[in-house]
Amino acid sequence: MNANAGGGFEALFDPRGVIVAGASSHPGKFGFVVLHNILRNAYAGRVFATNIDGGEILGVVTVPSIDAIPDGAADLVFLCTPVAANPQLLRDCARKGVRAAFVMTSGYAESGEAGLRAEHELAAVADEVGILMAGPNGQGVVSTPSSLCAQMVAPYPPPGRIGIASQSGNIVSSFENLSLGSGIGVSRAVSAGNSARVGVADYLEFFAGDPETDVGLGYLEGVLDGRALFDTLSRVAREMPLVVVKGGTTGAGRRAATSHTGALASDERVFAGMCRQAGVNQATTIEEAFEAAATFATQPLPRGPNVAVLTTAGGWGVLTADALARSELSLLPLPDDLHAAIDAMVPPRWSRGNPIDLAAGETRDTIPEILQLLGAHPAVDAVLFLGSGVQSNQAKLMRTGKFAADPGLARIVEYHERQDARYARVAAEVSAASGKPVLVATELAVTDPANPGPRAVRDSGKLCYWSAERAVTALEHLWRRSRVLQRDRSATRTP
């Protein structure tokens, strides 16, 4: 990474103005798509574009060269230009006050020896002129605080507190799609590409000091300097929760990683051990990684491993108990005072233990009152609520059936929908009041996102988990982080 990285990162994520070098009028070209996405998503800075033929593209009057752009008007350039043209373009941009360049061009290290030599040359020029160079062979950058969407594919995620850095541009898109679908937003997202001068770990270190970012989320394929990576990730993990998923852990994956970004993959067990020692939360899939990051962004850390499970039906509770038994968490034996309090609230057919299966015996206020009891109890470290949206699911059939006009039926439909929304709000309120994680899980989050239950979870700013098992996995990540912080605090107190 070059000496001007600090100011370069600011220019990369919060630029005053941007240049698309190699803008195209052809909708299939990267130079068109990037310019389109910048303009479409209401970036407020100045936008310039170069095209050797001149003319107007998407309302932007292009210029034939960087020399025609006013000095100091832009501090970030996106290079959608041929490999041979890029070294001189960097020099031209530096004279105009550009401090960061995102090189989208492919044909570098991932393409063989000649491409590797060209990549080294371009990196040397970037160092020479003091420009932070992202890429090459990268997909782009997103920065929601600046309303900047400068990437060659969709989507543009909602604003939030997760910072994403990935060696793969397509993985960035996957994370952004999960953000869009879940409502849990993103602060920054960047595709590192070949990482000729700036790698995933460098971006994550910037996020650790970024006031717009609370959680780091990274995807790695290759490790060129294991010690440097360990040192950087350790520093990051001391400052914020950090979730990393790694590709290239099998022989086939390693071969694919080499052809994808020109990176070298590392041993799976060594990498996992490094993550544990550094305090990094390692995930095994993209979905697990995003959900862990989203949970860090929206839930407090548990003080211990003891989980209470509240469910409206038995099967969900049984499977959740199994998932907890396989995890580093514990299914809390129900304390006597909680048992007595719940027993006084519901019919005798409830499970009389944890999981707390109400067996459809709840009335209007039962679920909110039990959630409040669980949140307030000192033995409970976290709560899982299962069954959100079930009554609204039935109400949907009634609302759309041929008897929907019946006044009595309409009233019960509206009641069930209000109740499911209320449960989600209470879950968020209990978490805020108690400082404990309260997670809500239902497959309706994906099968019927408009259902009032999962919709109200999203409206409360929380993630609605697709299954109890996924909620347990996310909660386990929180508990690992909590243990790491407890370990570090204990170490600093030791004389």
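Quick note: the coordinates plus some simple rules give every number you see, no bench work behind them. Owing to the predicted nature of the structure, the values given are computational and were not obtained by experimental measurement. No Cβ is skipped: glycine too gets one built from the backbone with ideal geometry, and neighbour counts run over all protein chains shown.
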- line: For region 1-140 the mean separation of alpha carbon contacts under 8 Å (6+ apart) over residue count, i.e. relative contact order in percent, is 26 percent
message: Once you place label points 7 Å from the Cα toward the Cβ at Ala432 and Arg326, how far apart are they in nm?
response: 3.5 nm
query: Going highest first, how would you order 126-136, 31-41 by mean Cβ packing within 10 Å?
result: 126-136, 31-41
- prompt: Once the Cα gyration tensor of region 300-481 is diagonalised, what are the square roots of 5 times its eigenvalues, in whole Å and ordered largest first, as equivalent ellipsoid semi-axes?
  reply: 27, 18, 14
field: Estimated vicinal HN-Hα couplings, Hz - region 323-338 in sequence order (Karplus 6.51, -1.76, 1.60; Gly, Pro = x)
entry: 4, 5, 5, 7, 9, 8, 9, 10, 7, 5, x, 5, x, 4, 5, 5
query: How big is the chain by Rg and Dmax over its Cα atoms, in Å?
result: 25.7, 81
task: Any chance you could run the full-extension gain for Asn41 through Arg364? It's 0.36 nm times the residue separation minus the Cα-Cα distance, nm to one decimal.
output: 111.9 nm
query: Nearest 10 degrees, 0 to 90: what angle lies between the long axis of helix 468-493 and the longest principal axis of the chain (Cα atoms)?
result: 70 degrees
- request: Calculate how large, on average over all directions, the projected area of the Cα convex hull of region 154-298 is; give the answer in nm² to one decimal.
  value: 7.6 nm²
task: Among DSSP beta bridges lying fully in the chain, give the percent that are antiparallel, nearest 5.
output: 15 percent
query: Along the charge dipole of region 330-458, Cβ charges K/R +1 and D/E -1, which of Val440, Pro407, Leu338 sits furthest on the positive end?
result: Pro407
- prompt: ³J(HN,Hα) across region 223-229 via Karplus (A = 6.51, B = -1.76, C = 1.60, θ = phi - 60°), whole Hz, x for Gly/Pro?
  reply: 10, 8, 9, x, 5, 5, 5
query: Against the longest principal axis of the chain, how steep is helix 286-298, in degrees 0 to 90 to the nearest 10, with axes from Cα atoms?
result: 70 degrees
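Which order do the peptides 355-361, 294-300, 200-206 take when ranked by the mean count of other beta-carbon atoms within 10 Å per residue, highest first? Numbers along the way, then the final one.
Numbers: 355-361: 20.1, 294-300: 23.1, 200-206: 24.7.
Highest-to-lowest ranking by the protection proxy: 200-206, 294-300, 355-361.
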task: For a footprinting-style exposure proxy, rank Val244, Val430 by other Cβ within 10 Å, fewest first.
output: Val430, Val244
- line: With R₀ set to 30 angstrom, the calculated FRET efficiency between the beta-carbons of Ala68 and His120, to the nearest 0.05, is 0.50
query: Given H placed on each backbone N at 1.01 Å, which residues far from Ser24 in sequence or on other chains put an amide H within less than 5 Å of it?
result: Gly31, Phe32
- prompt: Could you give the distance between the Cα centres of region 407-478 and region 46-66, to the whole Å?
  reply: 48 Å
- prompt: If you count the DSSP beta bridges with both ends in region 300-481, what percent of them are antiparallel, to the nearest 5?
  reply: 0 percent
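By average Cβ neighbour count within 10 Å, what is the ranking of 17-23, 303-309, 477-483 from highest down?
Working: 17-23: 26.9, 303-309: 22.3, 477-483: 20.6.
The most tightly packed comes first, giving 17-23, 303-309, 477-483.
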task: Could you tell me what % of all Cα pairs in region 1-140 have separations over 23 Å?
output: 27 percent
query: Helix 390-400: angle to the longest alpha-carbon principal axis of the chain, degrees 0 to 90, nearest 10?
result: 80 degrees
message: Based only on other Cβ atoms within 10 Å, what is the fewest-to-most ordering of Leu116, Leu331?
response: Leu116, Leu331
statement: The long-range amide H neighbours of Phe78, using H built 1.01 Å from N in the peptide plane and a cut-off of under 5 Å, are Ile19, Val20, Ala21, Phe102
statement: Scoring the chain by relative contact order with C-alpha pairs under 8 Å, at least six apart, yields a percentage of 11 percent
- prompt: Could you give me the ³J(HN,Hα) list for region 53-63, computed from phi with Karplus coefficients 6.51, -1.76, 1.60 and θ = phi - 60°, whole Hz, x at Gly and Pro?
  reply: 8, x, x, 10, 10, 6, x, 9, 7, 7, 10
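Based on other C-beta atoms within 10 Å, arrange Ser234, Ser179 from fewest to most. Can you show the working numbers first?
Values: Ser234 15, Ser179 27.
Lowest to highest Cβ neighbour count: Ser234, Ser179.
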message: Please compute the contact order of region 154-298 in relative form: average sequence separation of alpha-carbon pairs under 8 Å and at least six residues apart, divided by the residue count, as a percent.
response: 24 percent
Placed amide H near Gln282: partners under 5 Å, 5+ positions off or other chain: Val244
